[in-house]
Structures are given as structure tokens and as C-alpha cells.
Amino acid sequence: MALNMRRRSRRQKRRRLKGLVFSLLIITSLFFFLHSGIFSLQAVEVRGNVRVPEGEVLRLAAVEPGLNLWQLDVRAVAERVRVHPLIEEVQVERRWPHTLVITLREREALALLPAQEGFWVVDGQGYVMEGTSSLRQRELPLISGLELGEDLGPGVCLRDEGLKAALTVLKELSPQDRQQIMEIEAGEADNLLLYLQGQVKVKFGDSGGVEEKWQRLKEALQGAGPLGSLEYIDVSFAGPPVIKVRQER
């Protein structure tokens with residue numbers, strides 16, 4: 001009986017040893033397979049870019065041909081590309097066996113801010129995207145009356161409350177309605193002044209109830225007569241808009 005138990009124990013040890021050797025062979029083979037040239041980077045695809053040149057994206061991504069895709073830190077690549085001021089979101093994916101795909105979502109220009117020389121272009125979150133030298137280069141409303149300081153530049157996110165209120169108004173309007181706004185004076189977040197095409201001044205109040213205020217404004221404009229005769233339209237409070245006509249002198 002004791003002899004049989006010793007033989008059984010030796011067989012179990014040999015099986016365990018064979019299993020361990022087999023496992024080590026599998027792990028070693030898998031390691032060399034994953035680190036072989038089969039998964040070396042050969043191409044990078046950039047998708048979703050309209051205004052950002054592909055070459056600029058590749059420069060920021062800083063990935064070299066021949067890198068092993070398994071070893072590539074896709075999160076680090078996305079963080080490097082995301083520093084571009086015109087890019088809002090970045091997704092980086094491996095496409096086996098040789099390709100890296102970088103998909104962008106660019107920022108959308110929403111308004112202009114006065115600058116010392118020209119204007120700053122900002123998106124709906126208040127990020128400065130780039131500078132422009134003329135209002136005519138972009139059909140975007142101007143947001144004025146802000147105290148923004150001098151340390152502005154692409155990539156800076158502005159936190160001014162007046163700017164935030166003005167951008168909220170613009171975001172809640174349709175693109176067609178936004179085109180009617182030439183300027184928003186936003187020195188006071190709860191006392192926005194809109195200037196429409198035709199030099200119509202609108203007392204808009206805060207950024208609450210944008211859709212309802214805009215509907216009342218459109219109704220008021222339909223029955224207001226010649227736009228040149230209006231001093232202002234006030235929709236800042238509930239109820240019928242107040243229309244003030246310029247006094248003849």
C-alpha cells in the first residue's frame with residue numbers, strides 16, 4: 001500500500017512539473033509573439049479633422065513607425081493631441097495589426113471677443129480657439145463689455161460670468177436665430193443687451209428662459225413697425241415686451 005502511494009505521489013509531481021513547463025512555454029511564446037514585428041506600427045489614421053491639419057495632429061501624437069502597438073500608451077497619445085486649442089475631444093484606438101486611429105472632435109466657434117489687435121474666437125465653453133484680424137472674416141456675434149485681462153491666447157478657458165451668460169444665450173438659439181445677433185453686451189451677467197441686425201437694441205436680462213424670451217422678441221418685432229424707429233425692446237421680464245420708440249426731435 002505504501003509503495004503504491006509513493007508511486008502515485010511521484011506521478012502527480014511529474015504531472016505538475018509537466019504542467020508548469022507547458023505553462024512557461026505558453027507564456028514565453030505569447031510574450032515573444034506580442035513583442036514581435038507582427039504588431040509594429042505602420043500607419044496612423046486621423047479622422048474628424050476639418051480645420052486642424054493632419055500633420056499637426058501627427059506631430060502632437062509623437063508616435064514613431066515600428067512601435068509595438070501593445071506597448072503604445074493610447075491614453076498618453078490622446079492627452080498630447082488634446083492640447084491643441086481647436087480640439088475638444090480625442091479618441092485613440094488600435095486597429096490590429098499595424099494601425100493607430102486618432103479620431104477628433106474639433107471645437108466649434110461660437111463668438112468673438114475684442115482683443116488688442118483684432119478679435120479672439122471662442123467656443124461655447126469659453127475656450128479661446130484662435131485670433132482673427134477682422135469681423136468680416138467670421139460671421140459670428142461679438143461679445144463686448146467684458147474685463148478679460150491681457151494674458152489671453154489659444155487654449156485659455158475664460159470663466160467670466162458675463163461671458164458664460166452670453167454663450168448660454170447663443171447655444172440655446174438655432175444657428176439661424178444666432179445670425180440675427182450682431183453683438184451681446186455682457187458686462188453684467190443678469191443684464192444682457194443684444195444688438196440685432198438693423199441696429200435693434202434688446203434688453204434681454206439674464207440667460208434664463210432664452211427660448212421663451214426669443215419667441216416674445218420675434219412677436220414684438222413683427223408688430224413694431226420700422227426697425228429704425230425703435231430705441232429698444234425689453235423682454236427681460238415676464239409678460240408682453242416693452243417697445244420704446246425713438247422720440248422725434
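Legend: calculated FRET efficiency, residue 164 to residue 247, from the Cβ-Cβ distance at R0 = 45 Å, rounded to 0.05, equals 0.80. Which net charge results for the neighbourhood of residue 74, defined as the other residues with beta-carbon distances under 12 angstrom from its beta-carbon, given Lys and Arg at +1 and Asp and Glu at -1? Surrounding charge for residue 74 is +1. In the context of the full set of protein chains, the range 118-249 has a per residue accessible area of 56 Å² (1.4 Å probe). Using only Cα coordinates, the Kirkwood hydrodynamic radius of the range 134-176 works out to 12.2 Å. Spin-label model, residue 67 to residue 157: label points 7 Å out along the Cα-to-beta-carbon direction sit 2.5 nm apart. How far is the Cα center of the range 192-249 from the Cα center of the range 57-80, in Å? Computed from Cα coordinates, the inter-centre distance equals 53 Å.
Rounded to the nearest whole angstrom, the semi-axes of the ellipsoid equivalent to the range 60-208, taken from the Cα gyration tensor as √(5λ), stand at 38, 15, 13, largest first. For the range 147-249, the equivalent ellipsoid derived from the alpha-carbon gyration tensor has semi-axes of 27, 15, 13 Å in decreasing order.
Using alpha-carbon pairs under 8 Å, 6+ residues apart, how would you state the relative contact order of the range 50-128 in percent?
Working: 92 pairs, mean separation 16.4, N = 79.
With pairs under 8 Å counted, the relative contact order is 21 percent.
In the range 98-186, Cα pairs under 8 Å separated by at least six residues give a relative contact order of 28 percent.
The values are calculated or read from the model by the stated rules, or taken from the named source; none is laboratory data. If you're wondering where the values come from, they're calculated on a predicted model, not measured in any experiment. Virtual Cβ from ideal backbone geometry, glycine too; neighbours counted across all protein chains shown. Quick note on the areas: whole protein, heavy atoms, side chains included, nothing else; ligands and nucleic acids left out. Shrake-Rupley method; radii C 1.70, N 1.55, O 1.52, S 1.80 Å.
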